[in-house]
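Enquirer: Mind having a look at this structure? Questions to follow.
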Amino acid sequence: MGGFKKFILQGDLVSLAVGFIIGTAFATVVTAFTTVIMDLIGKAGGTPDFSNWAPGGVHVGAFLTALISFLILATVVYFFIVMPYTRAKEKFFPSPEPGTPEEIELLREIRDSLVARTGVED
């Protein structure tokens, strides 16, 4: 029973659950926004629902509607979630300067010191 408690109370599981709940709620918001954009496209150029369009008897309309909705959704997520998140992450948690970790640099110094002392190289 103690193992189960530990599993349930792990931070990763709780973070995953919170992320899933927030993601589901955010999906509703983005879907509603996509509907607004599709309606605006419809006002500008006619009905944006291509579901009944079947040139040559091939029903590609539903695919086109889903594709346009996906592109709008991807644009919204990228510009309103990914870009601000990336900027905030770099601002508050900057990436470490490129280079070698201190341990590797220290090991190289020890190696060079030993080579200088013995005079033997690989």
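Enquirer: Give the residue, chosen from L13, L73, L40, that is part of a helix (DSSP H, G or I), aliphatic (A, V, I, L, M) and in contact (Cβ under 8 Å) with a residue 40 or more places away in the chain.
Expert: L73
Enquirer: Restricting to region 42-62, and then to whatever is surrounded by 13 or more Cβ atoms within 10 Å (Cβ to Cβ) and either in contact with a helix residue (DSSP H, G or I) (Cβ under 8 Å, 6 or more places away or on another chain) or among the basic types (K, R) (or both), can you tell me which residue is farthest from A25 (Cα to Cα)?
Expert: In this case the residue turns out to be W53.
Enquirer: Turning to a different aspect of this structure: So which of T118, T65 ends up being surrounded by fewer than 10 Cβ atoms within 10 Å (Cβ to Cβ), over 21 Å from the mean Cα position of the chain (by Cα) and of a type in the set (S, T, Y)?
Expert: T118
Readers should treat all values here as calculations from the given coordinates under stated rules, not as data from a laboratory. In this text, all values refer to a predicted model and were calculated from it rather than measured experimentally. All Cβ positions, glycine included, derive from the backbone under ideal geometry; neighbour counts span all protein chains shown.
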